[in-house]
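*Asks:* I have a structure here, written as structure tokens, and I will follow up with some questions on it.
The values are calculated or read from the model by the stated rules, or taken from the named source; none is laboratory data. Owing to the predicted nature of the structure, the values given are computational and were not obtained by experimental measurement. Don't worry about glycine lacking a Cβ; one is built from the backbone with ideal geometry, like all the others, and counts go over all protein chains shown.
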Amino acid sequence: MSGRREEILDAALAIADEHGLEAVSMRALADRVGVTPMALYRHVKDKAALLDGMLGRLLANLLPPDPVEERPWDERLTLLAHATREVIRRHPWAAHLVFSRPAVTPDAVRAVDLIYAALVEAGVPESEVPRLERLVSTFVIGFAASEASGRFSPGTVDPRARRGQLPEGALPAHDRLAPWLDLPLDLTAEFEADLADVRRLVEAVAGRRA
């Protein structure tokens with residue numbers, strides 16, 4: 001990546017961090033970099049290419065700094081999951097970008113390839129690998145996005161009071177689970193438990209071939 005293009009992508013990421021992804025435009029980016037909008041097109045041909053470049057830059061942070069081929073497949077998936085959660089914690093708007101655009105830049109494709117390779121090594125039938133990659137990626141990104149957006153927080157209304165807004169008996173499953181629903185959340189522990197379930201799912205799919 002050229003130094004100028006790298007500077008442009010850095011500026012685009014900064015605008016998104018400060019004002020949200022919707023604030024990223026060629027004009028706003030040109031103002032931030034200190035050039036005319038037309039000058040940007042020598043480095044980024046259009047808004048779609050800019051968003052693809054931003055996505056690639058974010059996914060590059062998922063790539064391990066050292067070779068991980070010698071690590072077990074489940075450890076490699078876990079490292080990628082943790083890196084994804086950290087990226088979305090730092091850039092909460094990034095989940096929308098990841099969900100809305102295909103992986104087309106070199107760094108994005110390499111990140112997906114790491115998941116493919118881990119699933120193949122786990123013994124997942126090759127015909128099932130693309131589906132499992134989509135399932136694993138959607139879970140990890142969705143969890144991280146929900147956490148970053150506050151979806152998992154209890155909000156301003158106490159859970160018991162929120163259930164009490166409905167007539168008694170209207171929420172039988174909630175009533176049965178109340179002792180568990182009212183416990184404080186430990187999202188890190190929950191994320192680790194979910195990853196363990198994902199690993200078991202991968203092993204189950206791999207076991208069907210055996």
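*Asks:* Would you mind finding the one in Gly164, Gly169 that is more than 13 Å from the chain's Cα centre (by Cα) and on the phi > 0 side of the Ramachandran plot?
*Replies:* Result of the check over Gly164, Gly169: Gly169.
*Asks:* Here is a list of conditions, (1) of a type in the set (A, V, I, L, M); (2) surrounded by 15 or more Cβ atoms within 10 Å (Cβ to Cβ); (3) over 15 Å from the mean Cα position of the chain (by Cα); (4) under 30 Å from Ala23 (Cα atoms), and Val104 meets all of them except one; can you say which number that is?
*Replies:* Every condition holds for Val104 apart from (2).
*Asks:* Still on this structure, I have one more. Can you tell me which residue within region 1-58, out of those that are among the β-branched types (Val, Ile, Thr) and assigned to a helix (DSSP H, G or I), is nearest to Val98 (Cα to Cα)?
*Replies:* Looking at residues that are among the β-branched types (Val, Ile, Thr) and assigned to a helix (DSSP H, G or I), I get Ile15.
*Asks:* Here is a check on your reading of the model: is Ala144 at pLDDT below 95, among the aliphatic types (A, V, I, L, M) and either under 19 Å from the mean Cα position of the chain (by Cα) or closer than 28 Å to Trp93 by Cβ (or both)?
*Replies:* In short, yes.
*Asks:* Let me ask something additional. Suppose the filter is within 22 Å of Val198 (Cα to Cα), in contact (Cβ under 8 Å) with a residue 12 or more places away in the chain and in contact with a Phe, Trp or Tyr (Cβ under 6 Å, 6 or more places away or on another chain); does Ala118 pass it?
*Replies:* yes
*Asks:* Name the residue, out of His82, His19, that is surrounded by fewer than 19 Cβ atoms within 10 Å (Cβ to Cβ), free of Cβ contacts under 8 Å to residues at least 12 places away in the same chain and under 30 Å from Val202 (Cα atoms).
*Replies:* His82
*Asks:* Same structure, new question: Just to check your reading of the model, which residue among Ala12, Ala30 is modelled with pLDDT of 95 or more and either in contact with a Leu (Cβ under 7 Å, 6 or more places away or on another chain) or under 19 Å from Arg90 (Cβ atoms) (or both)?
*Replies:* Ala12
*Asks:* Whether any residue in region 88-107 is in a helix (DSSP H, G or I) and touching a Lys or Arg at 6+ places or on another chain (Cβ under 6 Å) is what I want to check.
*Replies:* No, there is no match, as no residue in region 88-107 is in a helix (DSSP H, G or I) and touching a Lys or Arg at 6+ places or on another chain (Cβ under 6 Å).
*Asks:* Restricting to region 85-101, give me the number of residues that are surrounded by 18 or more Cβ atoms within 10 Å (Cβ to Cβ) and either under 15 Å from Pro64 (Cα atoms) or of a type in the set (D, E, K, R) (or both).
*Replies:* Here the count works out to 2.
*Asks:* May I pose another question? Confirm whether Ser137 is surrounded by 13 or more Cβ atoms within 10 Å (Cβ to Cβ), at pLDDT 85 or above and over 18 Å from Val198 (Cα atoms).
*Replies:* Taking the combined requirement at face value, the residue does not satisfy it.
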